[in-house]
1. Sort out which residues of the stretch 100-131 are of a type in the set (S, T, N, Q) and farther than 12 Å from SER85 by Cβ, and write them in order of number.
2. So for the stretch 77-85 (the condition being at pLDDT below 95 and outside any helix (DSSP H, G or I)), does at least one residue qualify?
3. Could you tell me whether any residue of the stretch 149-163 is modelled with pLDDT under 80 and within 17 Å of the chain's Cα centre (by Cα)?
4. Hey, can you tell me all the residues within the stretch 65-86 that are in contact (Cβ under 8 Å) with a residue 12 or more places away in the chain and of a type in the set (Lys, Arg)?
5. Can you give me the number of residues within the stretch 182-229 that are β-branched (Val, Ile, Thr), over 28 Å from LEU105 (Cα atoms) and without any contact (Cβ under 8 Å) to a residue 40 or more places away in the chain?
6. Show the residue pairs that are 6+ apart or on different chains and have beta-carbon atoms under 7 Å apart, the first residue being within the stretch 39-64 and more than 16 Å from THR104 (Cα to Cα) and assigned to a helix (DSSP H, G or I), the second being of a type in the set (S, T, N, Q) and modelled with pLDDT of 95 or more.
7. Restricting attention to the stretch 87-110, and to residues there that are free of Cβ contacts under 8 Å to residues at least 40 places away in the same chain and surrounded by fewer than 17 Cβ atoms within 10 Å (Cβ to Cβ), which single residue is nearest to MET190 (Cα to Cα)?
8. Might you check whether a residue that is farther than 25 Å from ALA61 by Cβ and either modelled with pLDDT under 95 or surrounded by fewer than 16 Cβ atoms within 10 Å (Cβ to Cβ) (or both) occurs anywhere in the stretch 175-182?
Amino acid sequence: MRGRLRRFRPRTRPRYKGPSFNRLVPNILTMLGLCAGLTGIRVALDEQWEKAAVLIVVAGAIDGLDGRLARLLKGTSRFGAEFDSLSDFLCFGVAPALILYMWTLHDARGIGFAPCLLFAVCSALRLARFNASIVDAPSLPLTGPPPKPAYAQNFFTGVPAPAGAGLALCPMFAALAFAGWDMPGMAAAMRHPAVSGVLLVVVGALMVSTLPTWSFKNFKVPAELVLPLLLGIGAYVAVLLTEPWAALAGAGFLYAGMLFFSVRSYTRLKREAEAMLEPVVVSGGDKGGNP
């Protein structure tokens, strides 16, 4: 009888300790982005420049998703933040510099490696500054630096690493576009080592600067601009599918032009916030003693 009861007793499922799979998804995406950056270096060794550029763009797209997905799934962690920073350093600091060096800067011999080295160092310094801000505020969520003033919530400090990598690769995008349009003279001009070298130095300086740049995280679009924005995005996607290199180069130039407006917007918001905090002088009353 006891054997029969033991036979029909419901089995209990074993419970394992550890995080749920949903919380591992952001780290898996970060790992895929890291693999894309490493593979970009690998194909650049074989002079497959189109594949190398596409892999860096894919790594940038993944980087834009993993953080937001981690916050959505409530899977943020210190490990994820550190892993994401290390992946960003390789994908957007080391990989673009090495790809550009193999693409054109090696023609300048030893001096051509100096801009690549400077760009990678600036990327590391930017990410180290970001991680240090997290360590200085351990009681805050590990998704970003300590809270900023309300007017600064929609701004990054300096150019983000993925955007910096995109700006640095703009000469390659433009050269591939001109080559596809059968314009070898323009393609050769964009491939000149001086173009990539100067751009690497400028973008590296922007990454470690205190320049306020739009983050577009909580960017609100006026109701009357929603339809034009959707039409513009649709038109850009159409160009991206038909002329991908021209679309990527255009996006880089557009982002560079937006930096001026980003600084102007930040300055205006800061001035308005400081004006609201100015002390108000209260009059002591009129001559008749009225308050």
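1. THR104
2. Yes - at least one qualifying residue is present in the stretch 77-85.
3. yes
4. Residues satisfying the conditions are ARG71, LYS74, ARG78.
5. Total meeting the criteria: 2.
6. LEU55/THR39
7. HIS106
8. The answer is yes, given that some residue of the stretch 175-182 is farther than 25 Å from ALA61 by Cβ and either modelled with pLDDT under 95 or surrounded by fewer than 16 Cβ atoms within 10 Å (Cβ to Cβ) (or both).
The values are calculated or read from the model by the stated rules, or taken from the named source; none is laboratory data. In this text, all values refer to a predicted model and were calculated from it rather than measured experimentally. Cβ: placed from backbone, ideal geometry, glycine included. Neighbour counts: every protein chain shown.
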